[in-house]
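Take a look at the structure set out below.
The values are calculated or read from the model by the stated rules, or taken from the named source; none is laboratory data. Quick caveat: nothing in here was measured; it's all calculated off a predicted structure. Note that each Cβ is placed from the backbone with ideal geometry, even for glycine, and that neighbours are counted across all protein chains shown.
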Amino acid sequence: MTTREVAESAQVNEVTLFRHFGSKEKLIAAVFARAAQSQAEALSGEEPETTDLRAGLQRFAQRFERMLFEFEPLIRTLIGEVRRQPTAAKQVIMEAAKPTRTRLVEYLRSAQKAGAVRAGLSLEAAVDAFTGMLLSGMLRRTSPENSLEYEQAEYVSTAVELFLNGIAPGAPKEQGGSGS
């Protein structure tokens with residue numbers, strides 16, 4: 001989307017848009033910051049119990065996925081901007097994702113202390129893998145060639161199940177050496 005199209009959509013002059021934001025990158029950052037605030041609010045419902053990790057992660061995944069679908073056009077725009085403005089776009093994405101990422105890491109840390117998540121696991125990497133699965137599912141489901149043989153709810157449940165199996169106590173530890 002061009003800044004001219006944004007200005008038309010907002011019913012303002014393009015000059016006003018630049019006067020207020022300064023650049024297209026700052027406009028995208030402002031929109032994404034607002035989206036991140038909405039995301040944090042949407043995901044800040046009740047604090048999930050660590051005694052039922054599956055139910056807590058299922059609720060998180062459902063709310064996170066709703067947020068992804070709501071902001072799908074913006075997310076795709078930012079992904080496109082990463083190639084054109086790598087530093088600025090990556091910074092916007094990292095800042096926007098930080099509250100949700102931090103909250104989920106803290107939740108998993110509590111579950112880890114309660115013995116529901118294996119010790120020694122990089123929770124930050126685990127959260128990135130989990131949210132990445134959900135993001136990938138949204139991107140695939142919203143692509144023009146969407147001909148998936150499963151339902152959205154089935155994808156979310158499968159992502160939660162795979163994630164739980166990977167973080168559970170007794171799950172296989174990191175494989176060492178070179179594989180064949």
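Structure notes:
- Pairs linking a residue in the stretch 19-36 that is more than 10 Å from V6 (Cβ to Cβ) and of a type outside the set (F, W, Y) to a residue that is in a helix (DSSP H, G or I) and modelled with pLDDT under 75, with Cβ atoms under 6 Å and 6 or more positions apart or on different chains, are E25/A88; A29/V92; A36/A96.
- Set A111, A97: member being surrounded by 14 or more Cβ atoms within 10 Å (Cβ to Cβ), modelled with pLDDT under 85 and part of a helix (DSSP H, G or I): A97
- Residues being without any contact (Cβ under 8 Å) to a residue 24 or more places away in the chain and of a type outside the set (V, I, T) - total across the stretch 99-112: 3
- Just one of the listed residues (R118, R76, R63) is part of a loop (DSSP other than H, G, I, E, B), of a type in the set (D, E, K, R) and surrounded by 14 or more Cβ atoms within 10 Å (Cβ to Cβ), namely R118.
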